[in-house]
Amino acid sequence: MIPTVGGVMLITFVLFNIVGGSPAVLALGKNASPQALEEFDEQRGFNKPVVFGWWTRTRAYPDTDFRRGMGPWAGVMGAAQIPEAAGGGGLRLTAGEYVVPLAFDLKSETIYRWEMQYRLAPGGHAEWRFEGAAPSATGPLEVAPRWQRAAAQVRTARDVSVQARLVVKSGVLELRTLRLRRRMPRPWDSQLVFYVRQLARLDLGVSLATNQRVTTMLKAGILPSLSLTAPILFVELAVAVSLALICAYFRNSWLDRSLVVTAVVLMSVNYLVWIILGQFVAGYQLGWFPIWGYESWRHLLLPVLIGVTSGLGGNLRFYRTIMLDEMYKDYVRTAFAKGLSLRGVLFRHVLRNALIPVVTNTIIALPFLYTGSLLLESFFGIPGLGGMSVNAINSADVDVVRGVVLIGAVLYVVANLLTDVVYALVDPRVRLR
Amino acid sequence: MNATEQRPAPSAALWGQTWRQLRESRLTRFCLGVIAVFLVAALYGEANCLWHRLRDETPAYQRVDLDKRYLPPGILRRPFAWRNVVQHPLGTDNLGRDVLQRTIQGARIAFLVGVVTALIAIPIGVILGCVAGYFGGRVDEFIVWLYSTVAAMPGLLFILAVAMVVGKGLQGVYLGIGLTTWVGLCRLIRGEVLKHRERPYVLAARALGFSSWRIIFRHILPNVMHVVIITFSLRFPAAISTEVFMSFLGIGVQGEPSWGVMISNARLRLWQGMWWEMTFVTLAILAVVLAFNVVGDALRDALDPRLRVREGA
C-alpha cells in the first residue's frame, strides 16, 4: 500500500511538474507577464530545480539563442543581428554600453550567473559590468576568435536593483546564446521536496480560479458528490443483482436472453446521450423533474435515475456472469442431486457465494463515489467534486486537478486494502497473512 | 528450428476456427458488416480530409451556408423532391453544415482514436506484461507496482488531466487514453505468461538455448495473442466513448467535427427543435459501439476455451 501511494505521488509529480511544460503558462495564458508567471511559480515551487541542483531558471531573462531570433534584445538600441553575409546567426554589439533587457528586477541577495557563447576578434575589448551589485563588479571577456563559452557571476545586494551591462570598449562583440541562471541556497530545495513537504502538511495548494485552499474546496464538495453517487451505487447494485438472479433463475430462456441483449444495448448508449435525453424528455418536455440545481432531494432524482440506467448494463452482465459461474460449480450439482429446488439452490447456495465478488466489486467502486460523476454534476449543477474537476480542467487549475486526482488515487488504494480485509471476513477460505 | 517452423500451424488453425465460429452467428456477421461500413466511411472521411487539406480549401463538412440552416433530413423536407434527399440527406445544422458529412468525419476521428490509442496501449501492456511474467523477481515487482499505481488513478479524471497537461487536441486524446488504459491488458498478459512460463514447450526452447526475448516474443506471445485481440475489441468502443466525452467537455478534438463536438453543438439546438443532428450522431455512436461490443463478446467466446466449455454445459 505504501509503495502504491508513493507511486501515485510520483506520477502526479511527473505529470504536472515534468511532462507538462509550464503550469504557469497553462493557467495564466501565453501572454501573461513574466513577473506574474514568476510569482505563480514561486508560490507553487515551480521555479526550483526539479529534483536536485544548484542552478535554476528565472523568467527575468529567457534563454535566448540568437540564431533563432533576437529575443528580448529586439528593442535594444545598437544591437543587431549578424548579417547573413558574415555567416549570420548571432547578436552583434558594436562599441558602446548595453543594458541587458530584464523582465523584472532580480531577487535581492541572490547569486546569479550569466552564461554565454560569444566571439570577440583580437584587439577587441569587452566586459560585464554589474551596477548595484555588492560590490560593484566587472568581468572582462577574454579575446575569442572562435565561438567560446563564458560565464559571469554576480551577487545581488539587498534592496538595490541590479543592472547587468555588456560594455564593448572597442571591436565587435558577437553573441550566439545568452542565458541567466539563479543559484539555489540549498541544492535539495527542489520541486520534489517542496511537493512532498506540502503533502506532508496535508496542504494541496490553492485554487487559481477561486483562490481558496484546495482542501477546503474538497471538503465542501464531498457531500453533494456523495448525495448523488451513493444512491446511484446502491440502487444500481440492488437492481443489477436482482436482475442477475432472475437471469440465473431463467437462464437460457427468452427472458434471460432479452435481459442480456438489453444490457448490451444499455452499455453501448453513450452516457452523454442518457443525460441529454433525460434532461430534454423527462425534464423539459414532460416536466417530471427539475433540471438544474441542488436544493432538495427532488433535484437528485433525475441524475440518480440516469446514473443507474447508464451503469446498469455493464453491472448486470458482470453479476450474471458471476451467478452463472457459480451455477456450474460442483457443490451446486451436489445440491441439485440431493433434490433441492432451483429456487433453494439459487438463494441458499449460489447467492451466498456469489455475494463475495459482488461485495468486493462494490467496495472497489467506493472511491469513485468520492470523485463524483464528472458529467452528471456539471450537467445538473450539483456543486460536487465532479463538476469542480471539470471546471478546473477547463481552466487549467493545476492544484485542484492534482488534489482531486491524488485523493481519488489514495482512496482507491485504501479501498483495495479494505477489499482484501472484507474478502477474508466473508470468505473463510481466505486468510490474511 | 523445428519448433518455430511448426508453430504457425496450430495457431493458424485456431484463428481459422475462430473466424468460422464468428461467421456462424447471424448477429455477429451483421455487426461485422456494420463495422465494415463505418470503416469505409472513416476511410472516405480521411481521404476527403486529406484531399481538402492538399487543395487548401474549406471541406464540405466545414462549409457554412447560412441560407441552408436548420434543414431537416431530406426525406422530411417540404416540398418533397428527390434532389433534396440526395443533397442533405441527414439535414444541416445551425450553420448550414451538412450533418452526414460531419458524421462521416466523426467516424474518421472515432476510428483514429480507437486505433492510435490501441497502438499506444497495446505495445506498452504486452511488453511490460510479458517481461514481468517471464522474468519474475525484481522486474515483476517493479512492473506490478507500476501498473497498480496507474490503476489507482481515478479513471476519466486522470485521462482528462493527462490531456490537459499534454494540451488540447487529438494528441491529448491519444495520449490521455493510450497511456492510462494499458493496465488491464498488462495484468492479463502477465497472468497468462506466468502460466506458460513452465510449460514444456518453453522449457524445451530454453534447453535449446534460445534467448529470453526470442522465447517471449516468438514462442509465448503467439499463445497469449488471443488476450490482446479480445482486449483490443473491447477497448476500441471504450476509447470511442471516452473521446466523445473529452471532445464534449472541450478538452478533446478542436476545430474538427468529432461526434463529441457534434453532440455538444446539437445539445444547445435541441431546445430549438433541431433533433436530427443529435439523433443521427447518437445512432452512429450506438451502432459502432454496439457492433464492437457484440463482436468483442463473440471473439471472447470463440477464443477463450474456458468459456467455450461453460457455454456447452
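Just so you know, all these numbers are worked out from the coordinates, no wet-lab data involved. As the structure is a prediction and not an experimental result, all values here were calculated from the model. Glycine also receives a Cβ, built like all others from the backbone with ideal geometry; neighbour counts cover every protein chain displayed.
General observations
- Alpha-carbon Rg with Dmax, taken over the protein assembly as shown, Å: 31.6, 110
- Computed over chain A, Cα set: Rg, Dmax in Å: 32.7, 110
- log10 of Debye I(q)/I(0), alpha-carbon scatterers only, for segment A:230-363 at 0.15 Å⁻¹: -0.78
- Per-residue 3J(HN,Hα) values for segment A:406-418, derived from phi via the Karplus relation 6.51 cos²θ - 1.76 cosθ + 1.60 with θ = phi - 60°, read 4, 5, x, 5, 5, 4, 4, 4, 4, 4, 4, 5, 4 Hz in sequence order (x marks Gly and Pro).
- Footprinting exposure proxy for A:2, A:232 (fewest neighbouring C-beta atoms within 10 Å first): A:2, A:232
- Net length gained if the chain between residue A:417 and residue A:211 were fully extended (0.36 nm per residue, minus Cα distance): 70.7 nm
- Ranked by the mean number of other Cβ atoms within 10 Å per residue, highest first, peptides A:376-387, B:208-219 order as A:376-387, B:208-219.
- Think of chain A as having a plus end and a minus end, set by charges on the Cβ of Lys, Arg, Asp and Glu; of A:114, A:74, A:425, A:425 sits farthest toward the positive end of this dipole.
- Per DSSP, loop chymotrypsin sites (Phe, Trp or Tyr not before Pro) in segment B:36-90 with at most 14 further Cβ within 10 Å: B:80
- Average other protein chain Cβ within 10 Å of Cβ, residues A:386-393: 3
- Rh (Kirkwood; distinct C-alpha pairs) - segment A:187-277, Å: 17.9 Å
- If R0 is 25 Å, the Cβ-Cβ spacing of residue B:271 and residue B:76 corresponds to a FRET efficiency of close to 0.80.
- Mean ellipticity per residue at 222 nm, deg cm²/dmol - from DSSP H runs of n ≥ 4 across the protein assembly as shown, formula -39500 (n - 2.57): -19500 deg cm²/dmol
- Neighbour-count ranking [beta-carbon atoms within 10 angstrom, fewest first] of A:355, B:39, B:160: B:39, A:355, B:160
- Cross-link reach is defined here as a Cα-Cα straight distance under 15 Å, omitting same-chain residues fewer than 8 places apart; for residue B:168 the aspartates and glutamates meeting it are A:397, B:243, B:256.
- Near residue A:278, once Lys and Arg are set to +1 and Asp and Glu to -1 for all other residues with Cβ below 15 Å from its Cβ, the sum equals +1.
- Summed residue charge, Cβ within 13 Å of residue A:390's Cβ, Lys/Arg positive, Asp/Glu negative: -2
- Shielding by partners - mean other protein chain Cβ count within 10 Å, residues of A:401-410: 4
- Convex hull volume per residue in cubic angstrom - Cα atoms of segment B:62-168: 148 Å³
- For a paramagnetic label modelled on residue A:321 (point 7 Å from Cα along Cα→Cβ), amide N atoms under 18 Å away belong, within segment B:223-259, to B:225-239.
- Cα-based helix-to-principal-axis angle, B:137-152 vs chain B, degrees rounded to 10: 20 degrees
- Ranking of B:168, A:329 by neighbouring Cβ atoms within 10 Å, starting from the fewest: A:329, B:168.
- Tail beyond 31 Å, pair distance distribution of chain B (Cα, percent): 43 percent
- Approximating the spin labels as points 7 Å out from Cα along Cα→Cβ, the residue A:110-to-residue A:284 distance works out to 5.3 nm.
- One quarter of the surface of the convex hull around the alpha-carbon atoms of segment B:132-267 equals 9.6 nm², the direction-averaged projected area.
- Each of the peptides B:151-159, A:397-405 was scored by the mean count of other Cβ atoms within 10 Å over its residues; in descending order, highest first, they stand as A:397-405, B:151-159.
- Counts of other chain beta carbons within 10 angstrom of each beta carbon in peptide B:144-151 average 5.
- Residue with peak Gaussian network fluctuation, chain A [Cα springs, cutoff 10 Å], from A:307, A:205, A:171: A:171
- Ranked by the mean number of other Cβ atoms within 10 Å of their residues, highest first, the peptides B:111-120, B:175-184, A:69-78 fall in the order B:175-184, B:111-120, A:69-78.
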